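None of the figures in this text is laboratory data; all of them are computed from the coordinates on show. As the structure is a computational prediction, the values presented were derived from the model and not from experiment. Here the Cβ positions follow ideal geometry from the backbone for every residue, glycine too, while neighbour counts run over all protein chains shown.
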Amino acid sequence: MNAPITTTPAGDLLANIHELEWLDVGGGTQFKVLRICEKTGQWALYVHMESGARFQAHRHEGTGQFFILSGELIYDVGTAPAGTYGFEPVFAEHSDAHCVVETEMLFLGEGAVTYFTPEGDVDYVFNAMTLKAAQDGAAQLDIGGDA
């Protein structure tokens with residue numbers, strides 16, 4: 001049996017999504033953490049969104065990239081059906097990001113994402129360190145937004 005994540009001293013990494021555990025992050029969304037780098041602030045996720053799942057309003061403090069594997073992500077920029085690649089620049093803000101059907105994607109993040117309350121105040125900041133704490137069971141994430 002293979003390990004869920006294999007690394008080499010040189011930095012090569014292989015992550016098998018079929019061997020990784022799901023991390024529930026609220027709002028009908030789960031992550032499989034593929035990579036976290038506390039030195040660079042980069043993180044890679046396999047994301048599963050249940051039908052009707054949504055993300056809390058947020059701002060990217062670093063770039064984000066995604067590729068929709070199945071389903072469709074709907075957000076401020078437009079719709080991203082299966083087969084769509086998306087790039088989110090530094091300081092991109094999204095007040096409504098959700099899906100109507102079950103959706104899966106690869107998401108590559110750099111730096112932090114700031115999540116906001118419905119009133120527009122900072123709720124919390126998600127980054128490589130908070131992701132690691134959630135993965136280790138030392139913190140809980142809730143990135144889900146209200147319908």
Net charge (Lys, Arg +1; Asp, Glu -1) of residues whose beta-carbon lies under 13 Å from that of residue 126, residue 126 excluded, is -2
Quick shape check on the stretch 76-118: root eigenvalues a ≥ b ≥ c of the Cα gyration tensor, a/c under 1.5 is rounded, otherwise prolate if a/b tops b/c, else oblate, and it reads oblate
Reduced to Cα centres, the span from the stretch 86-137 to the stretch 1-37 in Å works out to 18
Residue 139 and residue 122 label points (each 7 Å along its Cα→Cβ direction) are spaced in nm at 1.3
All alpha-carbon distances of the chain, grouped into 5 Å bins from 0, give the whole-percent distribution 2, 10, 18, 25, 22, 14, 6, 2, 1, 0
